[in-house]
Each structure stands twice: as structure tokens, then as C-alpha cells.
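The values are calculated or read from the model by the stated rules, or taken from the named source; none is laboratory data. In this text the structure is predicted, and so the values were computed from the model without any measurement. Heads up, the Cβs are rebuilt from the backbone with ideal geometry, glycines too, and the neighbour counts pull from every protein chain shown. All accessible areas refer to the heavy atoms of the entire protein, side chains included, with ligands and DNA or RNA removed. Shrake-Rupley method; radii C 1.70, N 1.55, O 1.52, S 1.80 Å.
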Amino acid sequence: MASDIARHPSSFKDSNGFIFKHNEKYYRCIHASYLEHYQSLMQSGLYDRLTTGSWLIPHEEIKDDPELSYAGDLIILPQQVPVITYPYEWSFAMWQDAALLTLNIAKASIEKGMMLKDATPFNIQFVEGKPVFIDTLSFEKYNEQKPWIAYRQFCECFLAPLLLQHYCHVETAKIFASYPGGIPLEILKSLLPGKAKWNLHTYLHVYLQAAMKAGKRKDHAKDANRFSKAKMFLLLNGLISYVEKLKPRKNKTTWDDYYAATILSTQYLQEKTRLVQAFLATISFTTMVDLGANDGHFSMLYKNTGKQVIAVDGDANCINELYLQIRQQKISNILPIINTLHAPSPAIGWNNEERTSFHDRVRGEVILALALVHHLAIACNIPLEFIVNWLSAMGKYLLVEFVPKTDEKVKLLLQNREDIFMAYTFEGFEQAFSKKFRIMLQEKITGTDRVLYLMQIK
Amino acid sequence: MKYTFLYLDPGSGSYLLQVIIATALGGLMFFKNFWIKVKSIFIKQKPQEELKEDERQEQEQL
């Protein structure tokens, strides 16, 4: 193998192989130590079963590329994932679907004589509107007498964030970013309300498991040989019905029903929609990032168009509603993600390289920043110059709305504070943006003081 | 809080628990099925007969 090929910074836990980037594509190297399990995956019919249902990412074996040959190892080229998202950017239903996919893959594996040895949500990505398992090396030959090696991991990595959203608050799943290896059950237990232990499943999977501290028991080998396939199906089916019944706790979040409740609603939205479509019709693009997407109204204008849209919002309820619509309507080109734009996902993990930042992952030819800048500039005190630099690094075209101080919403933002935003005027706005962008089109949204701009990066 | 589990394999310690959970769920399933059987003794099987009748009609149509 060419010596310049280095493993991906996040690919170091599994000793059976690793991911690497070569000519702008991600490949997976499978060591000889795993080939027996790999052959079993491919020949048992499990690979076909999982890829047919789009449960597992499909791949092709690379055999004739001299740059990618290495003694004893096998190189595969998986289908490429356009945009990587991390679990702490998912909404409740995305977590739930990812958890159910993991359990269903475990069940399907047993039926073909294999088992899933990992249960981490980092092995799942959302591709074409659905969760897909991306780790081809997570399968091993099944030993009926052994319990599920990934059970505790499943509880800490999937159940814990789901239970926090079910019992506490939908926004609490974000703490997974602080515990990417799984939220310890001791911590989960301390956050759950007392009533949680009265649910049999919650009691067994969380409270009892936390009480049975691993360190206190040394006879695991004895326990490990008391299992059976029937017991495994009881465990997995039990977890499936438990996860299916979980619901996000109803918390009113800031942007719930924004368009439905706002007094500006109908006429403003219709007029803005017309302008957005008219402006974007003048340029050619294939990728778009909708920042502050709310319920995805503007992203949905481009559903099933062949354009790849990333809809970003900090509000967990809005993104959940959007994901449910995408799932129900089988929309394949919109990816919803939760991110607080003034404090986006940082780079985390080993050496701060394991999981990259929002800034490093999210790019598009067109950036939509509709009714967003006033929140960043006034509610978060971010200077216009910072906002311009941030937006200019993300895309080529910018569709941005300026909401002036005469607007009701900006008056609300300023009502209980001193107006220190002297540069927040039409002139100041255009001057700041003109440093990085050229204004292509601009038009006032009828019935309001707001102005929509289409800009191109200089 | 003591992070004793940091030194252990992620799966260890949960082995006995899985035996307990599977046994508990197996017991619940047993009683659930038992209850369904008990109920079926007291409840007439008319709905099922009607269903069979419908199925037969469907097959005849095919």
C-alpha cells in the first residue's frame, strides 16, 4: 500500500481494520485477522439481506488497484456518505430509528449465524432520509451460549440519550457530546425522575444494571455460558418494544409553532417564499444549507429536486418534526440536523480529531440565512463582521434576510436591553457584507420592512 | 462516584443481568400467553370463524 495512506483520525478502536482517505474517497482496510468473519458476513446471506433493505452501507472489494494492495489485507470501497452527522445532532425520532436499526440488525444477524459486536450510534449515518449502519466490521460469528457483548454499550449509547429525552427534556440528548462513549448509567440514574424506576424495563436496563457494578463481579465466564438463542431473542425483542414505546417529553421550545403562531404568518410567508424561489431560480446549484431552518419550510421547497439540502436548527422539536415529515414522505434529499448556530458542534474525541466540528463538515453552494442575522447580531452580540466571515466560509451564494430595528421582532429583542448596535442598519449591513460578497439581487418583502438579498462571494 | 467500570470490557458485568432480563421477559411472555389461553376459554371464537369465512371467500374470488 502506498506509504502516504494514513488511517482516519476516528478509526482506531477496532484492531481488525481501519478507514482511510485516498483520492477524495473513503476506503476501509480489513486485516487478515477479521477475514473469517468478513467471509461469513458475505457468504451467509447477511450482507445481501442487510444491504437490500438499506440497513447496511453497501461496498465493493478493491482488488486490482496496485496503489491499494497490501499483503494479506482486503480493501473495500463503501458507498460514500455525503454529509456526516453525529448523534448529538439528531432529534428524538432520529435517535429512536437509529436504536431500532441497531436492534433489528442484531436480530437479522443472529438469523444468519452472526452477531453485532458494537452498538454505538457513531456507526450510523443518515443517508437519503434514513439511518444506515456504516461499520462493515461490526459483525462476528455468533456463539449461542454467549449474551450480547454490546448490551451495556447499547444501554449507555442509545437507551440513555433516549430516556433523557423521554423523561427529562428533548434538549438533554446533547450531553452525549460530553460522553461519546456512552452516558454512564450512574449519571443517567441521577438525572432521571424518581418515577422512572417504576417502569419495569427502565428498572431492569438502568437501575438494576447500574446497581450491578461490573467491578464487583468476577465470574463473568460462568454467566457468559448460560445464555441461549431464545433468551437473546427475548432480550432483543424486549428492547425493541421498549424503545418503540418511548416518546419525546413534551417541552415547549422557543421556536415551536413559529410560523403558525406569528402574526406575520400567512402573507409574510407567502411573499418570502415567492422571493426565495425567484431569487434562487436565477442561479444554478446542487447543494444548499438552510441555517436556522425552523420547521424546514424553505428546505421543503426543494424536496425531491435532486438538490442536496442540509436543514440546520438549534430547536430539537422543529428538527424532529422535519425528520418525521421526511420519513413519512420518503424524502431522500433533505438532511435535518440540530445545531445551535452561535455555539455549534465542536471537534471532540481523541486529539480533538475524532469527530469534526460543524464548521468542518457543513458546506453548500447556497447558504440560506433567513431571519437569522438579527438573532446572531442582537440576541448573541456577534459583530456583523464575524457573521460575514462565518457565512463566507460556508458557500458560494448567500440568500440572506435583513430584519431592521423597526421590525416587531427586533423591537422585542431590544425591549429589555440597551441598544448598543449602532452598525445594525441597512447601510451597516450592506457595508459589512460587501467586504466578502457582491449583492446580486435585493427586494423588500411586501408588507414588512425586511429585505431579502441574494449575494455571491467575491 | 467511582468509575470502576473503566477498566473493564464494555460487555462484562452485564452478562448476569442479561440472563435475569431474558428470564424475566420469558416469564412475562409465559403468563401473557397463559392469560390469552384462559381468556379464549371464556370468549366465544366467533370473530375468528368470521375471519376464516372471509378468507375462504377471498380465495374463492381468486
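Data overview
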quantity: Distance between segment A:438-458 and segment A:44-73 - C-alpha centres, whole angstrom; calculated: 48
quantity: Antiparallel %, DSSP beta bridges [both residues in segment A:258-457], to 5; calculated: 45
quantity: Relative packing of peptides A:125-131, A:57-63 - highest average C-beta neighbours within 10 Å first; calculated: A:125-131, A:57-63
quantity: Accessible surface, chain A, averaged per residue in Å² (probe 1.4 Å); calculated: 44
quantity: Axial C-alpha extent at least 18 Å, average Kyte-Doolittle at least 0.5 - helices from chain A (DSSP); calculated: A:92-111, A:229-245
quantity: Solvent-accessible area, 1.4 Å probe, carbon plus sulfur percent, for chain A; calculated: 51
quantity: The protein assembly as shown: calculated mean residue ellipticity at 222 nm from DSSP helix runs of at least 4, using -39500 (n - 2.57); calculated: -10500 deg cm²/dmol
quantity: Residues whose placed amide H lies under 5 Å from that of A:Asp290, excluding near-sequence neighbours; calculated: A:Ile310, A:Ala311, A:Val312, A:Leu368
quantity: Reciprocal mean inverse distance between Cα atoms of chain A - Kirkwood radius, Å; calculated: 24.3
quantity: Peptide-level mean, for A:179-192, of C-beta atoms on other protein chains within 10 Å; calculated: 1
quantity: Anisotropy class of segment A:258-457 from Cα gyration tensor, a/c 1.5 cut; calculated: rounded
quantity: Average other protein chain Cβ within 10 Å of Cβ, residues A:79-89; calculated: 0
quantity: Vicinal HN-Hα couplings computed from phi for segment A:298-308 (Karplus, 6.51 cos²θ - 1.76 cosθ + 1.60; Hz; Gly/Pro x); calculated: 7, 5, 5, 4, 10, 5, 6, 9, x, 8, 8
quantity: Within 10 Å of each Cβ in B:20-30, the average number of Cβ atoms from other chains; calculated: 6
quantity: Other-chain or far-sequence residues with amide H under 5 Å of A:Leu56's (modelled H); calculated: A:Thr51, A:Phe133
quantity: Members of A:Lys117/A:Lys231; A:Lys197/A:Lys250; A:Lys231/A:Lys330; A:Lys25/A:Lys141; A:Lys197/A:Lys245; A:Lys117/A:Lys330 lying beyond 26 Å, as alpha-carbon distances in this model show; calculated: A:Lys231/A:Lys330; A:Lys25/A:Lys141; A:Lys117/A:Lys330
quantity: Near-label residues of segment A:1-43 by backbone N, under 14 Å of a point 7 Å along Cα→Cβ of A:Ser69; calculated: A:1-2
quantity: Buried accessible area, chains A and B (both chains, 1.4 Å probe, Å² to nearest 100); calculated: 2500
